[in-house]
Amino acid sequence: MKLKLLSLNVKGIREKVKRRAIFRWVKRQKADIAFLQESFSIESDADVFKNEWGRGQIFMSYGSSHSRGCVVLIRDGLDITINNLETHREGRYVIIDTTIYNENYLICNVYAPNKDNHQVHFFDSLEQKILSWNAENIIIGGDFNTVFNRRVDRISASKTKNRIYKGREQLLKPMSNLELIDIWRKRNPKQRKFTFRNRNDKPSVQSRLD
């Protein structure tokens, strides 16, 4: 079995033209499952999003109209059964217990807080939540707002390069405890690509947060 997964911070898809463009792009990529973060979705958006996604399945956790929110898109025709679902009350994650091609998978889309002290609590509680599902296989995607390896996943200004990120350290614990790997880094051991750039810092800060 092979699954094609996509993860993208969309920075808001309540605007119709942008939302439809992103949905079309995901379908063109022929992704089995797509994780979208910062959807800015609220509960009243649910029917509109579902209608526009079409015959596939869509699962959402709601933030506000200008922050947070996670969306999981599942393509039409994927051999998947949804056994259970949990969403974060503030739009920080969607967790779906599934059976895909007769195997159990816990699918988790995450949008982590961007403040270091908030991340510590969030990653700890997320680990406990995932452990409680007792899943056979775990797939976690999303925007973690921190990096796994500062040497290859971040280019930082001199004032921040020696800083200790407690959120990052807390994230590495469940990766070890749950035997998770960073699949992109495993497939690209030396490549440096970034998903975030802060041009206000000189030199600019670049990080692979997704």
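The values are calculated or read from the model by the stated rules, or taken from the named source; none is laboratory data. The shown structure was predicted, so the numbers you read here are calculated from the model rather than taken from an experiment. Every residue, glycine as well, gets a Cβ built from its backbone with ideal geometry; the counts of neighbours run over all protein chains shown. For accessibility, only protein heavy atoms count, side chains too; no ligands or nucleic acids. Shrake-Rupley method; radii C 1.70, N 1.55, O 1.52, S 1.80 Å.
Between helix 166-177 and the chain there is an angle of about 60 degrees, using the helix long axis and the longest principal axis of the Cα atoms.
Quick one: longest stretch of the chain between exposed loop GluC sites (Glu not before Pro), exposed meaning at most 16 other C-beta atoms within 10 Å and loop per DSSP?
Working: sites that count: E15, E90, E136, E179.
The longest uninterrupted stretch comes out as 16-89.
Which of rounded, prolate, oblate describes region 1-121, given a ≥ b ≥ c as roots of the alpha-carbon gyration tensor eigenvalues and a/c under 1.5 marking rounded, otherwise prolate only if a/b is larger than b/c? Verdict is oblate for region 1-121. For n ≥ 4 DSSP H runs only, could you compute -39500 (n - 2.57) per run for the chain, divide by its residues and tell me the 222 nm figure to the nearest 500? When only DSSP H runs of four or more count, the value is -8500 deg cm²/dmol. Measuring only protein heavy atoms, the 1.4 Å probe finds M1 accessible over about 110 Å². Going down the table (K2/K129; K2/K190; K4/K193), which pairs top 22 Å between alpha carbons? Over 22 Å apart, Cα to Cα: K2/K129; K2/K190. Rolling a 1.4 Å probe over the protein heavy atoms gives region 1-137 an accessible area of 52 Å² per residue.
Using only alpha-carbon positions in the chain, the gyration tensor eigenvalues give semi-axes of 27, 21, 17 Å once each is multiplied by 5 and square-rooted (largest first).
Taking amide H as placed 1.01 Å from N in the peptide plane, the amide H of S7 sits under 5 Å from that of F35, each at least 5 places away or on another chain. Relative to the longest principal axis of the Cα atoms of the chain, the long axis of helix 116-133 lies at roughly 40 degrees. Counting heavy atoms of the protein chains alone, H121 has an accessible area of about 130 Å² for a 1.4 Å probe.
Quick one: grab the alpha carbon gyration tensor of region 53-141, order the square roots of its eigenvalues as a ≥ b ≥ c, and give me rounded if a/c is under 1.5, else prolate or oblate depending on whether a/b is larger than b/c. Here region 53-141 falls in the oblate category.
Largest GNM mean-square fluctuation among R55, R92, R75, using the chain with Cα springs under 10 Å: R55.
Annotation: aspartates and glutamates with alpha-carbon distance below 14 angstrom to K115 (same-chain offsets under eight excluded): D143, E169.
When the surface is traced with a 1.4 Å probe over the full set of protein chains, K4 keeps roughly 90 Å² accessible.
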